[in-house]
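The values are calculated or read from the model by the stated rules, or taken from the named source; none is laboratory data. Note that the structure is a prediction, hence the values are computed from the model and not measured. Here the Cβ positions follow ideal geometry from the backbone for every residue, glycine too, while neighbour counts run over all protein chains shown.
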Amino acid sequence: MLAITPYSFALIIAVNTASAAVAVLIATWEYPRPMSSAFQIFGWGKLLGAAGYLILSLRPELPTVISTVIANTCIVYGFFTTYWAVRQIQGKPTSAWHSLSVIGSCLAFCAYWSFVQPSQPALRVISSLYGLYISGLMVWELLFRYRGHGRAHIVAGVTTVVLGGLMILRAMLAASEHTIAQVNTLSGDWAEMAFFILAIVAGTTGAVNFMLVSNDILNGELRQLVHLDPLTCIANRRRLFERGQEEMRRSRRFRHPLALLVFDLDHFKRINDTWGHATGDEALKTVAARSLGVIRKIDTIARLGGEEFAVLLPETNCAMALEVAERLRVTIAESVLICTKADGAVTTPLWITVSIGVAMLEDQDSFSILLDHADQAMYRAKRDGRNRVVLHTALPVGTMANVRDRLGTETAAAVPEIGPSPI
């Protein structure tokens, strides 16, 4: 059995870190870019660190330039690549100057304290300060600058804080040593042994945490994909129903108004048939983009499917809902697409219009019924000539007059005072 010495600990760290690195490198095959690139940086960095610890375990048998200068630089730069990988996984660049400065300065300091003024405690102080610097970068990135961090980021950040604290203690103890040990030996004091033990744990937990951080990113992207329409990048039908049910419960609890708009592009089939589906897709994206400029942050716009959209308006009474609907209709009607046929023979402007149905939350039992009411109003708008707004229920006395005053006679003329005919 191996004796419990710093050299045996260094060998264990080398084997443990190398095993974790191989596992991470194998995992890169299953992840898309830039995640796979981050995994490669992390894995190869861990292998570099493992090589450094392997050299440490053989320190008495190797030349000083390898056992101190090369070994310490490999360990320091292997740790630095973890920070590099964390930035890479977010799509953030790491400057080549920063990377080269870490390698170059570490080589220079280790060479100085190995040959010019040999001191094993000084080497420990230098390596500890580098570890503290990189730990600080990691903590700042994981806990303060990471977009949408989760539990894995917090665990990794806290673990790095503990490692940084041990680096400080290690540097302080090394600086207080009065005896100058040979540079080609490893200290066996309790701080050094504690550092090695933590390095063994970090070799495994670091790889696991990095994979968990990556999975957090993937899960966030999957949640976003579940809720977003891929063409228009607005909410999809599923997300609309989730938000609709939430807002219905809140509206009834606090007795606040809730409105729903449903609108449909007029003559959309004609657009597809005449100009092609690519132009149809551009029309849908244009409508979504223009609509986002009209609604508030608390509102939810969603694509129900095909050319049909919906807008959920919390804290919105009937008059306000009609005003938003009319503003939406006018804004979209100002949208112009320049259409060109595939052969380039015909180019013409295309104006987009929509028909909008408005429904207010009253005694509906479910969000599906509210949606159906808005849908009925939208179909009435289409039957009445398109490019107009229709309210599902009769307006309270005086409401339409108020809407006309706020919108102006010209724009409010498209808003009828009666609801849709029964279907």
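From the residues in the stretch 296-315 that are among the aliphatic types (A, V, I, L, M) and surrounded by fewer than 20 Cβ atoms within 10 Å (Cβ to Cβ), which one is farthest from Arg386 (Cα to Cα)? Here the answer is Ile298.
Of the residues making up the stretch 74-95, those that are at pLDDT 90 or above and farther than 16 Å from Asp216 by Cβ are Cys74, Ile75, Val76, Tyr77, Gly78, Phe79, Phe80, Thr81, Thr82, Tyr83, Trp84.
For the residues Gly276, Gly244, the requirement of being in contact (Cβ under 8 Å) with a residue 60 or more places away in the chain and farther than 23 Å from Val294 by Cβ singles out Gly276.
For the stretch 264-290, the set of residues classified as surrounded by 13 or more Cβ atoms within 10 Å (Cβ to Cβ) and over 31 Å from the mean Cα position of the chain (by Cα) consists of Asp264, Leu265, Asp266, His267, Phe268, Ile271, Asn272, Thr274, Trp275, Gly276, listed by residue number. Only one entry in Leu186, Leu240, Leu304, Leu212 is touching a Lys or Arg at 6+ places or on another chain (Cβ under 9 Å), modelled with pLDDT under 90, farther than 30 Å from Arg87 by Cβ and of a type outside the set (D, E, K, R), namely Leu186.
May I ask you to verify whether Glu192 is touching a residue at least 60 places away in the same chain (Cβ under 8 Å), surrounded by 14 or more Cβ atoms within 10 Å (Cβ to Cβ) and part of a helix (DSSP H, G or I)? Outline the logic, then answer.
Details: touching a residue at least 60 places away in the same chain (Cβ under 8 Å): yes; surrounded by 14 or more Cβ atoms within 10 Å (Cβ to Cβ): yes; part of a helix (DSSP H, G or I): yes.
The answer is yes for Glu192.
Residues considered: Ala71, Ala85, Ala96. Of these, the only one that is among the small types (Gly, Ala, Ser) and touching a residue at least 60 places away in the same chain (Cβ under 8 Å) is Ala85.
Taking Gly150 as the residue in question, decide whether it is buried (at least 19 other Cβ atoms within 10 Å of the Cβ), over 27 Å from Glu61 (Cα atoms) and out of contact with any Pro (no Cβ under 8 Å at 6 or more places or on another chain).
On the way: buried (at least 19 other Cβ atoms within 10 Å of the Cβ): no; over 27 Å from Glu61 (Cα atoms): yes; out of contact with any Pro (no Cβ under 8 Å at 6 or more places or on another chain): yes.
The answer is no for Gly150.
Give the residue that is surrounded by the fewest Cβ atoms within 10 Å (Cβ to Cβ), with candidates limited to residues of the stretch 42-72 that are within 20 Å of Gly131 (Cα to Cα) and of a type in the set (S, T, N, Q). Only one residue tops the list, namely Ser67. Residue check: Phe109 meets all listed conditions (1) in contact (Cβ under 8 Å) with a residue 24 or more places away in the chain; (2) buried (at least 18 other Cβ atoms within 10 Å of the Cβ); (3) more than 23 Å from Leu25 (Cβ to Cβ) but one, namely (1).
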